[in-house]
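Read the figures in this text as sums done on the coordinates, not as results from a lab. Computed from a predicted model, the values in this text were never measured in an experiment. Because the Cβ atoms are built from the backbone with ideal geometry, glycine has one as well, and the counts that use them run over all protein chains shown.
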Amino acid sequence: MSEKTYLEALNLAIDEEMQRDPGVMIFGEDVGGVKGGVFGVTKGLAEKFGDERVFNTPLGESEIAGLATGLGLMGHHAIAEFQFADYILPAINQILSEATKMRYRTAGDWTAPIVMRAPYGGGVRGGFYHSQSTEKIFAGQPGLRVVTPSTVYDAKGMLKTAIRSEDPVLFYEHKKLYRSIKADISDADYTVPIDKANILQSGDDVTVIAYGMMLQYVLKATEELKDDISIEVVDLRSLYPLDKATIIEATKKTGKVLLVTEDPKEGSIMNNVSAVIAENALFDLDAPVQILAGPDSPSMPYAKDLEDAFLVNPEQVKAAIKDLAEF
Amino acid sequence: MSEKTYLEALNLAIDEEMQRDPGVMIFGEDVGGVKGGVFGVTKGLAEKFGDERVFNTPLGESEIAGLATGLGLMGHHAIAEFQFADYILPAINQILSEATKMRYRTAGDWTAPIVMRAPYGGGVRGGFYHSQSTEKIFAGQPGLRVVTPSTVYDAKGMLKTAIRSEDPVLFYEHKKLYRSIKADISDADYTVPIDKANILQSGDDVTVIAYGMMLQYVLKATEELKDDISIEVVDLRSLYPLDKATIIEATKKTGKVLLVTEDPKEGSIMNNVSAVIAENALFDLDAPVQILAGPDSPSMPYAKDLEDAFLVNPEQVKAAIKDLAEF
Amino acid sequence: MKLKESRLSNEELIDAYKMVKEARMLDERLWQLNRIGKSTFNISGQGAEVGQVAMALAFEPKKDYFLPYYRDMAAVMVWGMNSKDILMGSLGKEDDPSSHGRQMPNHYGDKRYNIVSFSSTVTTQLPLATGVGLAMQVDKKDSIVLTATGEGSTAQGDFHEALNFAGVKKLPVVFVVENNGYAISTPNNEEFGVKKLSDRAPGYGIFGKHIDGHDFAETYLAFKEAVQHARNGEGASLIEMVVDRLTAHSSDDDQRVYRSEKEIAEMKKHDCVDIMEKQLVDEKILKESELEDIKNELANKINQATEDAEAMPNPTSDQLMTHIYEGGE
Amino acid sequence: MKLKESRLSNEELIDAYKMVKEARMLDERLWQLNRIGKSTFNISGQGAEVGQVAMALAFEPKKDYFLPYYRDMAAVMVWGMNSKDILMGSLGKEDDPSSHGRQMPNHYGDKRYNIVSFSSTVTTQLPLATGVGLAMQVDKKDSIVLTATGEGSTAQGDFHEALNFAGVKKLPVVFVVENNGYAISTPNNEEFGVKKLSDRAPGYGIFGKHIDGHDFAETYLAFKEAVQHARNGEGASLIEMVVDRLTAHSSDDDQRVYRSEKEIAEMKKHDCVDIMEKQLVDEKILKESELEDIKNELANKINQATEDAEAMPNPTSDQLMTHIYEGGE
Ligand SMILES: Cc1ncc(C[n+]2csc(CCOP(=O)(O)OP(=O)(O)O)c2C)c(N)n1
Ligand SMILES: Cc1ncc(C[n+]2csc(CCOP(=O)(O)OP(=O)(O)O)c2C)c(N)n1
Ligand SMILES: [Mg+2]
Ligand SMILES: [Mg+2]
């Protein structure tokens, strides 16, 4: 066991997988050289594995995605980094038209076993274009997996699984978790499934489903409310496709569900979760399916007061849980 | 009154608005000249309004969207055509980062009063990349409107409203409706709201919400079942943002809701509709919120049997309504 | 240029001609199948066959990779696909090697022959080709990569991003632009503001050349040069190959709407297959009667292939949900 | 080149210098505000001020349109914005004309002066500029358009799509690439495989030029030429302007990590502001003591602007849901 941040856990996952499989490569804007990415996720890797396997790309996200896919066709488990999840947008055509559909359109003859990493989420005074949660854009695209780890343990284990996967995986990393959470994690070569939600805590009164920074707020509220409310906490992990079985089971257990996301409410991933519940567990519900989410505003503004107003905060999460418990 | 197809109604709307407002322009791949678009929506317009206002662009969708936005900044109500809704993907960064956020990020100093038209939908043996319903990708992007007309009357009236709107509007047109539906519509200069769902038929037993080709199937089933089941039929019209009030009211009226879309189920627009219901009308429901949708498969294959298997068909719609009524 | 200036042997030239002719005749068959409703779509390379065959012969199919576009029938046939393979694609058959009936006709791909699957979305294959090229470089393989697109499709951002990256990494990738004068109905002068697209090569620091795809030897030699560059580690090339589009854009189009009768008639007078046949006779490589024999032989071959392809099974609806994710066969 | 070779009068050259110096001193103030925590971000144009001022002076601000990028502080000031405007942006104030506190600092825009709002997403402003340019053409206006980006950002597909379209329509748009050697930590040779990005102009059929942005007169004259082209209806231009990035990429970066001490020291010896000051003295346009006076005068001006900007109100949280759609003020 050793103590690691979320960011260090990601770095370690890549490092271990690059050692294990010489076909693994990683690249993106400022990913190579001594910089190792604007957040430092790839720091030290170019030195260790050389400039052929760890390198800077020119500033073009469509090429980055296409390059990864082309390498994937040749059997490389390529890892592409998008500098911010906001900047994955120029690559959407490549991701959806090529990587996502490659296996299906050739009935398995050609595949794209690649990982595309994207730091997402707000609260860093990054304004409109360094704060977005763009994962919802990719939900509903069979062939593609969209996942995110929300704990240090999962950061390492899920990234290793994603790298070994034979499917294209969009790997979202919450940029505010990079250095804000730490945990003792195993030094072993463990993996964590990327297609299963995870019950982080078992409870009987209320079910709360979340991911990313919001999950941390949920865990905090759960701790603070532990004497009064028994909370089932679900880490969604796989944002697409959803782990419907776990969602339905956790709902049936308590009959009250709160879904939390920092993304604007309408259209967020949580709508898909709600729809699964409304279709499969309706008569088990004792309260409406609540979504606590960001406002339906275009993106997070820069000014402090506006950013604060945009962000779902720990108090709101706690209040929503209490309200639901009392419903 | 005169009889028009859905396609003719769209052509007429553009024609009338170009006459009314000399700032309106329309362009896209093969939109100008004598071809007038691969479906013929802009046929005759270049001849009538000249090559400066109606023209072909090079084959680059990102430029098409950026060009429209730039014209919009200068007050032109520009209309961009994407040849197929599948080919809007290269333009997503422009649409979401620029047009969608322009008003908000300048507190109204600069705006993008443009329309981006996209023919969508399957059943034309167009295979993977000429059959998709890409509208869900744009749901959840405040600042942008995503709308679609599903009747001939709305085709003309909604397009006129979209052209006059000061907001960027993604205007989806079901390509299979172009020539398959006809109706007598007013020759007057009428408009239809683009932010309101429309109750096409009032009923008491079951509420069915749909758009596009699926709405035609719903209307057919409604007609066939009219002696047995009283059906409230809602044409969604505005796919984003949703007209929540109409959805909630129509749900409360019958307590049973069927949502129909040809798009793969998980992640489709109907999930957002379901979430609105699950949060706002849960205790009015007498049955789970049903979504009848396409399969969670990457896209519509070409082979006839596979395409047929992918598509939701009229019989399935009718059966789902009957099942729900009997629930 | 004379055919013989290609320095290919007479046998090789005759084989090349057979490919050209088979592609032409096969495409005519595809149009027939379309007209009688047996296939619902065709998009064809008529007018580009000579250029495509000359291009493909400069490579080492089976060893080299090819990321084609929808008009590249003649080229994929040089690479290894046969008439039956292509017919199965047009008929949407389960054994169609391109997509097992899942994609529209003419969306070529074949794992057996290193031909990477093409999507309808234009120009996305160019970034993919850089990935394949980088894999060759990193894996120290001697294979190189050919990728093709139409001239209209060069307006896409992906064209630029791929060439730029290929320039940075000196990738073993040959990019060819088949300029047939139109993107559907949009003529060259509405597609770009420059005379020769190959003038873009210097802006990426790569080798560039503009050639007439009606000229077999010129085309072959230009690609040989590009191939040499790639194999020597001297990097990528951009070849603009001028061809014709003898037919409508596709079976959904009618080019008489936007091209004058005169323009079409003049183009047809200058049919690349006719030119090559004349060269073969003039250079005394084949006699008229031998041309006739080849034609008859190919007609039989294509008839047989059509029969064989038609007899193959269609994909069944239970295949709809297969091959979506790993393990989902 | 000598300053006077620009053919600008001494008064004009002194005014130009004042803009250069104000931009430099204002940026230093922004870094101070960042260090003491009053603003959380800065990205600066230090090392590009001379080029930017020379560039902007070749246009007719107020009449012409400008779509800048984040390093263009000196240029937007020539176009009309003042220190207080820019400071309000850095402090996220409600009256910040660029975004009313909604965007990060240095994301310039100002409706009053025809400066179109910039997003963080690089290169998207180039297609927008073609739309603005086309509006000028269609509306028969004499205004032209300037748009700027960094050299790294030219790798985006949008660069290509915009230039290609501008070439087709002969748009009155001047595209400038400010080449400062790096995209964050990525050096030129990992960004593109060519020496001069202006070599891409011929590939679009537009006017191209490569200039040293440290040379005021050369820069001014090159842009004058491009402006003339645009105003005469001869179409677009691509100007590559070589500048320096004297600071880190932004306040979130430390360039000493990836640039050697020596490289940084040499660049600083070659500071464009120092060069211009020396030229002013050498060409006897200003005396050393006058330079000192200007500096003092500007220091006061910037202090006052800082005070004024700080006193302005912050946006309040009730503004979060305004200006999303038409009518939602
Ligand atoms: C991204 C994208 N946009 C639009 C289309 C529709 N489309 C198919 S072919 C074509 C024209 C292509 O022209 P060109 O590149 O010159 O190739 P050609 O067909 O002439 O060989 C268009 C616009 C598409 N397939 N992909
Ligand atoms: C589409 C997009 N991808 C990535 C980024 C992150 N980013 C911001 S600035 C920058 C480097 C830009 O380099 P260059 O164009 O040379 O401009 P410079 O900052 O050197 O002036 C990057 C990668 C971005 N803003 N937008
Ligand atoms: Mg063409
Ligand atoms: Mg730079």
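A compact table of results
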quantity: Counting all C-alpha pairs of the stretch A:61-151, share separated by more than 14 Å (%); calculated: 65
quantity: Distance between the stretch B:166-237 and the stretch C:284-329 - C-alpha centres, whole angstrom; calculated: 44
quantity: Ascending list, in nanometres, of distances separating the B:E326 label from those of the other copies (7 Å, Cα toward Cβ); calculated: 4.6
quantity: Two-site FRET efficiency, C:N300 against C:E234, from Cβ-Cβ distance with R₀ of 41 Å, rounded to 0.05; calculated: 0.35
quantity: Degrees between helix B:152-164 axis and first principal axis of chain B (Cα, 0 to 90, nearest 10); calculated: 50
quantity: Set of aspartates and glutamates with alpha-carbon distance to A:K252 below 14 Å, sequence-local pairs under 8 removed; calculated: A:D204, A:D205, A:E232, A:E279, A:D284, A:D286
quantity: Chain D residue with Cβ closest to the axis mapping D onto C, distance in whole Å; calculated: D:G157, 1
quantity: Long-range amide H partners of B:T207 with built H, under 5 Å; calculated: B:E232, B:K256, B:V257, B:L258
quantity: 5 angstrom amide H check on A:I26, placed H, neighbours 5+ away; calculated: A:V54, A:F55, A:I79
quantity: √(5λ) per eigenvalue of the Cα gyration tensor, the stretch C:2-84, largest first, Å; calculated: 25, 14, 10
quantity: Tail beyond 20 Å, pair distance distribution of the stretch B:198-326 (Cα, percent); calculated: 39
quantity: Convex hull volume of the stretch A:2-185 per residue (C-alpha atoms, cubic angstrom); calculated: 103
quantity: Links that overshoot a 24 Å alpha carbon limit, given the list C:K21/C:K269; C:K63/C:K268; B:K175/B:K253; A:K176/A:K265; calculated: C:K63/C:K268; B:K175/B:K253
quantity: Inter-site label distance for D:A311 and C:E11 at 7 Å from Cα along Cβ, in nm; calculated: 9.5
quantity: Over the stretch B:5-96: Rg over Rh, Cα atoms, Kirkwood Rh; calculated: 0.95
quantity: Mean-position separation - Cα centroids, the stretch A:258-294 and the stretch A:16-74, in angstrom; calculated: 37
quantity: Selected from D:E297, D:E234, D:E310 as most flexible by GNM, with chain D as the system and alpha-carbon contacts under 10 Å; calculated: D:E297
quantity: Under Karplus coefficients 6.51, -1.76 and 1.60, residue-wise ³J(HN,Hα) of the stretch D:152-164 in Hz, glycine/proline x; calculated: x, 5, 5, 6, 5, x, 4, 4, 5, 5, 5, 5, 4
quantity: Cα-based shape type of the protein assembly as shown, given that a ≥ b ≥ c are square roots of the gyration tensor eigenvalues and the cut on a/c is 1.5; calculated: rounded
quantity: Chain D, Rg to Rh (Cα coordinates; Rh as Kirkwood inverse mean 1/r); calculated: 0.95
quantity: Chain B: angle of helix B:269-280 to the longest principal axis, Cα-based, in degrees nearest 10; calculated: 60
quantity: Within a Gaussian network of chain D (alpha carbon springs, distance under 10 Å), most fluctuating of D:N180, D:N164, D:N296; calculated: D:N296
quantity: Segment C:E283-C:K268, length gained on full extension (0.36 nm per residue, minus Cα span); calculated: 3.1 nm
quantity: Residue among A:G50, A:G37, A:G143 with the largest mean-square fluctuation in a Gaussian network model of chain A, springs linking Cα atoms under 10 Å; calculated: A:G50
quantity: Nonlocal amide H pairs with A:Y240, under 5 Å, H built at 1.01 Å; calculated: A:V146
quantity: Label-point separation, D:D95 to D:E326 (7 Å along Cα→Cβ), nm; calculated: 3.1
quantity: Cβ-vector label at 7 Å, A:V34, separations to other copies in nm; calculated: 6.6
quantity: Neighbour-count ranking [beta-carbon atoms within 10 angstrom, fewest first] of B:T254, C:T149, D:T40; calculated: D:T40, B:T254, C:T149
quantity: Förster radius 25 Å - calculated FRET efficiency between B:F327 and B:K252 (Cβ-Cβ, nearest 0.05); calculated: 0.90
quantity: 7 Å along Cα→Cβ, label-point gaps from A:P22 to other copies, nm, shortest first; calculated: 7.1
quantity: Which of D:R200, A:R105 has the fewest Cβ neighbours within 10 Å, and the rest in rising order; calculated: D:R200, A:R105
quantity: Most positive-pole-ward Cα, A:L258, A:V289, A:V276, against dipole of the stretch A:198-326 from beta carbon charges; calculated: A:V276
